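Undergrad: One structure, pasted below without further comment.
The values are calculated or read from the model by the stated rules, or taken from the named source; none is laboratory data. Keep in mind the model is a prediction, meaning the values are calculated, not measured. With ligands, DNA and RNA removed, areas are computed over all heavy atoms of the protein, side chains included. Shrake-Rupley method; radii C 1.70, N 1.55, O 1.52, S 1.80 Å.
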Amino acid sequence: MIHETADLIRADLENGGASSNFSRTSMIDAGDSVGDGQGGQIQYDRLRFESPEDLMRHLYYTCMRSNVTEPPWTTDGSTVFCPRRFDGWSCWEPALAGTVAENFCPKFVLGFDPRRLAHRTCHENGSWFVHPLSGREWSNYTNCIDTDDMQLRRLVNDIYIGGYTVSFLTLIVSLCIFHSFRTLKCTRIRIHIHLFTSLALSCLFWIVWYKFVVEDPDVLNANTSWCVGLHVLLHYLMLVNYFWMFCEGLHLHLVLVIVFIKDIVAMRWFVTIGWILPVLLVSLYALVRDSQSLDTEHCWMNESHALWLLTIPVCFSLVASLVFLINVVRVLLTKLSSTSPHPAPLGLRKATRATLILVRTARCQPATPFGALIFDFLSHRVPLQIPLFGLQHILLPFRPDKGCVLERYYQIGAALLISLQGVCVSCLFCFANHDVIFAVQCHMSRFFPDIVTHPFLESNGGQPATQSRDVVV
């Protein structure tokens, strides 16, 4: 499990690294004068090196090259010293007998702090320390483990699991509400249902990923087909989430700008964009990545250039959502300037407020004059627009450098923002939805008339209203 990682790595290093559960590469054989490769998760620049072995080979030949300059006391014939060695991670310079050599910890090993020091003991007879269990020369990297980073990773993983669990439960409750009332049957509510379904599935499979893949190094090393399939499924659901958020913004844009559009035709296009288009994109991604042997290890967890096949459509959907947002502002400013007696600054403030809210999440109500619609648009309590368009994800790529003080807050903040998105969407699109509140009040007033007043009696003086297609959010 992730919270045991630090102890397991430390124990593995103390035992000579003979059989590491965390090894991501087969080091060059120590019999070829390279030394004992330690066990650890190797992170390397794929633009410079084709594989971890290629990185190790480069480090070895850099260390053991023939034209290297040795200290003068290595050639006087009277000084006892330990010879130069490459242990699979670091290059150890010749050391005087009876001393302890020090080296900065390698930065390409996951969980190591490159600012700390590893050490290697040179005996009085000019031989390096040999570990009693492995029977091979051994460098002590136990001090390299960044326990603070391990604790941060454990905390972040726990936040993801907890956040996705809460999001999944709230999304399921929201879906039950949407399917329980006949009055909640309009285009925007249908779009909400698709979005909630994709988010719920995504939360469920992310929980499986973090519990049974990320926290289990054996699964990563085995690289079985089910965990690879889970990786592909998660990326498919990620695209589905983005595209249905795009459809939410597109529908709002169409309703405000175009106004007249057939719901059946619109839903067919939305389903095609939200569910079918991601299948094509993820299939292309899987085929390209599967053709690259170096990108098919460890359940495809490592970064790959093939991810650009998914990143570009996501960026396009975010840019399009931003365009929708700007155009909605333009339309509202135009309508406010022609229908409102207020001066331009007040109208601008109202339009700004209107675009930062989700215009009451697609009320299924009869058509009203646009002036009354704008008033209703601006005056009622409504959820924020930004989660609808998915624009909050634009801030996530701006990540502080590793080791920076802000990185810890970034990791925790990103985990909370991403994993609790389902809770945010449920609260904004369901629990604070006027139509949901209306339907629940109607239902509750039948069983508890003395406690809950029927909404018709509150707002219409006892005259029931009719339900129709949604006019605007």
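Undergrad: Keeping all protein chains in position, work out how much accessible area LYS262 exposes to a 1.4 Å probe, and write it in Å² to the nearest 10.
TA: 150
Undergrad: Then there's this: With θ taken as phi - 60° and the coefficients 6.51, -1.76 and 1.60, list the Karplus ³J(HN,Hα) couplings across region 96-103 in order, rounded to whole Hz; mark glycine and proline as x.
TA: Ordered by residue, 3J(HN,Hα) equals 5, 4, x, 10, 10, 7, 10, 8 Hz.
Undergrad: On the full set of protein chains, 1.4 Å probe, figure out the accessible area of GLU93 and give it in Å² to the nearest 10.
TA: Surface open to solvent at GLU93 totals about 100 Å².
Undergrad: While we're looking at this one, here's another question. Which far-off residues, 5 or more places away or on another chain, put their amide H under 5 Å from the one on ASP146, with H placed in the peptide plane?
TA: PHE112, ASP113
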